[in-house]
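Written below as C-alpha cells is the structure these notes are about.
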Amino acid sequence: MIIASNFKTNHTSTSTLQYVKELSSFLQKEDLKKHQVYVFPPATAFNFFELPHNLKIGAQNAYPVISGSFTGEIGLEQLSEYNIKSIIIGHSERRHILNESNELILKKFEFFKENRFDIIYCIGEPKEIRDKGLDAVIEYNFAQLDGIDLNYERLIVAYEPVWAIGTGVSATLEQIDQTLTSLRKKVKASLLYGGSVKVENTKDILSIKNCDGVLVGTASWDVENFKQMVKIAHEL
Ligand code: PGA
C-alpha cells in the first residue's frame, strides 16, 4: 500500500522535523516495512532528514528546470540538495487555484520523468462533471491522462475528485470503486484515492479492489492520525 501525506501550506520547518522524526521511528518497526509512505511538506521544510527506507519526502510542486530565472519557483538543483526524488504533479489546487495549464503540467511530467522522480500524478473531476454521471466522469479523468506516459515505471496516479478535496465529504465507496475500476483498464500504475480521507474511512477505502493507497491532506497533518492510517493499511 502507498500512504501519502500532502501538507499543502501547513507546518513549519520545525514542526515538520518533529513530524518526520516521529513517523520515522514508527515506520522502522519491522512489520511496517512493506508499505511505502510519502510526506510532501512545504519546500521551506525540506531538511537533511534521516529516513527509513519506506519513507520518502517529496515536493508538492517544482518548476521543470534545473535552475534559472523563475522568481518564486524551485527547480531540480534545490530538490537535489535534499535528495528529493518524488513530486506531486497536477494537484487540483494547482490546476484550479493557481491556474496551472495542462501544457505546464505536461512539461513538469516530462521533466521529472526524465529525472527519474516518483510522480504522483493527480486527476479528478469537478462537481458539475460528477453531476452528469459516470460516463462524463470517466471521460474527464481520461482526458487528464492525455499526453502522460502511462508506462512510466515510477508513476502513481491519484484519483482526487475536486469536490471531495478539503470538504470533509469523501466520494462514496461506490463512486471510488467505479472510477478506479474504469481507470484500471487504462492505467497499470498504482492507483490512489484522495479527497477527505480520514482515519474513520481509511479502512473502507483501502479495501476497494483497485485502490492501492491514499493521498491524504487535512487528516494527515496530525502525525498521530497519519500513523493510525498507516497502521490500518498494515492491518488489512
Ligand atoms: P484532503 O486533501 O484530504 O484535505 O481532502 C486531499 C488532497 O488534496 O490531496
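The values are calculated or read from the model by the stated rules, or taken from the named source; none is laboratory data. Bear in mind the structure is a predicted one, so any value in this text is a computation, not a measurement. When we count neighbours, we look across all protein chains shown, and the Cβ atoms used for this are built from the backbone with ideal geometry, even at glycine. In case anyone asks, the SASA skips ligands and DNA or RNA and just uses the protein heavy atoms, side chains included. Shrake-Rupley method; radii C 1.70, N 1.55, O 1.52, S 1.80 Å.
Overview of values
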quantity	calculated
Where residue 182 falls short, out of the listed (1) of a type in the set (Gly, Ala, Ser); (2) modelled with pLDDT of 95 or more; (3) closer than 20 Å to residue 95 by Cα	(3)
Count of residues meeting criterion [in contact with a strand residue (DSSP E or B) (Cβ under 7 Å, 6 or more places away or on another chain) and within 16 Å of the ligand (Cβ to nearest atom)] in region 149-164	5
Matching residues, region 172-184, being among the charged types (D, E, K, R) and under 15 Å from residue 156 (Cα atoms)	184
Failed item in (1) modelled with pLDDT of 95 or more; (2) within 24 Å of residue 218 (Cα to Cα); (3) open to solvent by less than 10 Å² (accessible area, probe 1.4 Å); (4) out of contact with any Phe, Trp or Tyr (no Cβ under 7 Å at 6 or more places or on another chain), with residue 93 passing the rest	(3)
Residue match in region 124-147 (condition: more than 30 Å from residue 204 (Cβ to Cβ) and away from the ligand (no atom under 14 Å from the Cβ))	yes
Neighbours by Cβ (under 6 Å, 6+ apart or cross-chain): first from region 1-22, at negative phi; second within 13 Å of the ligand (Cβ to nearest atom) and assigned to a helix (DSSP H, G or I)	3/229; 5/220; 5/226
